[in-house]
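Data first, discussion second: the structure below is written as structure tokens.
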Amino acid sequence: MIIIFVCSRNKWRSKTAEQIYKNHSSVNVRSAGTEPSAQRKLSQNDIVWADIIFVMERKHKERIEEKFKSAAEGKEIVTLEIEDIYTYMDPELIEELKSMVDGYLDGL
């Protein structure tokens, strides 16, 4: 399974998710951000590459569908509804990510 985690700046939420799942045996993972100031900017190639796109907020899904319309067509985009209130590797963020993503991956 190929997964990309997306937030705004690829600094805290998506970067934490990538760190958590980078050594997971059944997934290949990366992260990116939707803002011009993102540490790693989301590209069309990222969208094409991924089987599943996990976004932190609805606005990220909307930006993907708007900017990468043809590449995103038919892609599974899962909104996690994780607010931008955490720092990198915040224990509460890790717990929230794992509770949402682990359950989803277990169901595949």
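Please treat every number below as a calculation from the coordinates, not as lab data. Since this is a predicted model, take the numbers as computed values, not measurements. Don't worry about glycine lacking a Cβ; one is built from the backbone with ideal geometry, like all the others, and counts go over all protein chains shown.
Cross-link candidates for residue 69: which lysines have Cα within less than 19 Å, leaving aside residues fewer than 8 places away along the same chain?
Residue 69 reaches 41, 59, 61.
Mind jotting down the distance between the C-alpha centroids of the stretch 1-47 and the stretch 48-67, whole Å?
Between the Cα centre of the stretch 48-67 and that of the stretch 1-47, the gap is 11 Å.
How big is D for the chain, in µm² s⁻¹ as a whole number, if Stokes-Einstein is applied with the Kirkwood radius of its Cα pairs at 20 °C and 1.002 mPa s? Walk me through the intermediate numbers first.
Values: Rh = 13.5 Å.
The estimated diffusion coefficient comes to 159 µm²/s.
In deg cm²/dmol, rounded to 500, what helix-only [θ] at 222 nm does the chain give when every DSSP H run of at least 4 residues adds -39500 (n - 2.57) and the total is split over its residues?
For the chain, the value works out to -12000 deg cm²/dmol.
Considering only 101, 77, 34, whose Cα is most displaced toward the positive end of the charge dipole of the stretch 2-106, charges sitting on Cβ of Lys, Arg (+1) and Asp, Glu (-1)?
Of the candidates, 34 comes out farthest on the positive side.
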